[in-house]
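Any read-out appearing in this document is the output of simple, stated calculations on the displayed coordinates, not a laboratory observation. Note that the structure is a prediction, hence the values are computed from the model and not measured. Reconstructed Cβ throughout: ideal geometry from the backbone, glycine too, with neighbour counts over all protein chains shown.
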Ligand code: H53
């Protein structure tokens, strides 16, 4: 009975001595305990890495307590839950973030210093969890932090890749990719759940079975793989809530292939079993375009199948009627990568749970929401039906049925407009018949989200125009955001202290709107002085890093001008490099006396190119070639430096962003769905030099156009400019810079030819030439502002003051209230 259970619980609790204690003395005891018994080193002799391991295990223990309590509480109160399905999460490091969110940063710092260690030094020992490529993946990580902090009953689901995003090394200016086997030294931030496993099936055939006199189709799979759960606790800030990110790993199923064993082919059958493990082995390193790769499709289905089995099991534990599913479960598709979920849940409900098709479909249409991060139709995911049919024959049938029902309904709505019908079909006919994952996701989701206002307009007017006209109410947008916990509190502690001091509260850490309060102090010279000191400190940290990474010594008085992001033609790193070449050219041709008026610059570029993306790799090489020339030109000295920061990742970003004076966001208007890097720079008081693309349009609304440097063609102008083709006007300076590269001024003439061709008049799809003039003007405006430090500092303060709207807390609250319809569920302390 209840009394008995309560007594047992009390006894357990007293045996455990209550919760773990967080005073510095108890923390020291715990750390030493882990040194001795977890790391198995003597407590009298351990190094920084071992100290990091012990430290993180003591943090992990504290996370686990809260994580258990949170889930017990969710289980008891049965709120509607959100399941956030994403094939990529770019979490970065966990130690500092966890300790800060747990609120025991100072206690740990003191505990460690008494043991003779420094917290920051140990934190540097941790490697990044890089289970994602770029913006989409880091945005998922920010959203998890906000979901936990705002007490939403949410789960993240993803894949536990053994090899994360490749490490970029630069040899002779060329990018080389090295595997990121990140689990080599163990991972204290995950909890292996050897008992939480599901079978995932592939291949096979579909057969007719008789069910109560009716014919039904059932899948007889041919291969079975087991999915094992690894749980990653995600602590909220200023709350006990600690939610779960569940990542799946593949391992061979224990189903024996009896045939093989009996025929004596023991060794081969073990080898075959190991092959199945490879499903979750490696993250695909291209940011977009995975079309037609079987392993990628296997990964998607593996992830979807395991997650849905887990979700349905949890639902059935608490509820016994599938009609309740939409009231209890929200499934979010982070881009189209998890959209096989739609076919899979239909298969579960119809084939396994034996629901009537229409009933199942009505339920399913109420639970999915979808965010697309893509702008152009060519970038949307497609899966060849041949591939899908062989890997998942029953799912292909289900997709055909969904499509034919949709086509019937559509004909009733729009008549026999065959062009439009074929554009909206889930099935694309053509040389390679394929499934359009975006159409599927739109048809089945109650909400289709864009990631910025501008992006959403493009979706409605162009990419998904047909669907928008059919279902205008489905189309919404929720502008992206980033978490101020990681992007200020963790990565910029001095700014964090300054903000709390002048705002008179730490409340901005949970409510970023309070940052507008900085506007009240912008005229205070004392405040501005402190603001400048903070920036200088961060520049110092960055300068040291640059020197160790590249050997280049940079001046702290120079403007630190940064462009860090994936290398893509549309992001126009080449425009930046051409601007640098132009600057160098001007310096060389300048009267020596005039040089004293020049604003010294340190240009910093960083980012990875997809391994198969030749042009992007050439951009990296060109950057190095130009840097080589400029940095070794004694005549130029500190007036201009160019450094490429290798292996850009989350932890590098944490150092680079706080140290930037200016950051560049140069995408051709209409190509960046949102952009989230700019938001991190903004929060750190870095000025933006940007095109009116993605979320920048909304940033301008918040900080005013006087506080950033805007340039380039507007979205509405781009199509027209492109049509001009060879007749497009391009400034002489652009032609000159292009000529310099073509003529081999920076060496490797032949190698750079194809790169130069991409921006030649008539071929310049991303409009570098036509935007170059206004780009140079914006750069000149930045120089002009920089020589007035007080003006610059005010702009910097007003940037940070207007960044509150770009907190992922705002993003998540909007999604929760408008799209997912979930309520906070706060676990009591
Ligand atoms: O997603 C970010 C956006 C950004 C967009 C990015 C993205 C990827 O990282 C990968 C694939 C893809 O289609 C889009 O490029 O603009 O900020 C988060 O929404």
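Data table
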item: CD proxy at 222 nm, helix term only [per DSSP H run n ≥ 4: -39500 (n - 2.57); per residue of the chain; nearest 500]; result: -14000 deg cm²/dmol
item: The chain, relative contact order in percent, only Cα pairs under 8 angstrom and at least six apart counted; result: 14
item: Cut-off 11 Å, label 7 Å out along Cα→Cβ of residue 45, residues of the stretch 82-124 by amide N; result: none
item: For the chain: rounded, prolate or oblate by the Cα gyration tensor [a/c cutoff 1.5]; result: oblate
item: Cβ-Cβ FRET estimate between residue 552 and residue 192, R0 fixed at 41 Å, reported to 0.05; result: 0.40
item: Tensor-based shape of the stretch 359-479 (alpha-carbon gyration tensor, a/c under 1.5 rounded, otherwise prolate or oblate); result: rounded
item: Order by protection proxy (mean Cβ within 10 Å, highest first), peptides 567-580, 759-772, 190-203; result: 567-580, 759-772, 190-203
item: Length-normalised contact order of the stretch 484-806 in % [C-alpha pairs under 8 Å, at least 6 apart]; result: 23
item: Highest to lowest packing among 806-813, 509-516, scored as the average C-beta count within 10 Å; result: 806-813, 509-516
item: Computed over the stretch 581-712: relative contact order in percent, which uses C-alpha pairs under 8 Å that are six or more apart; result: 19
item: Most to least packed among 676-684, 277-285 [average Cβ atoms within 10 Å]; result: 676-684, 277-285
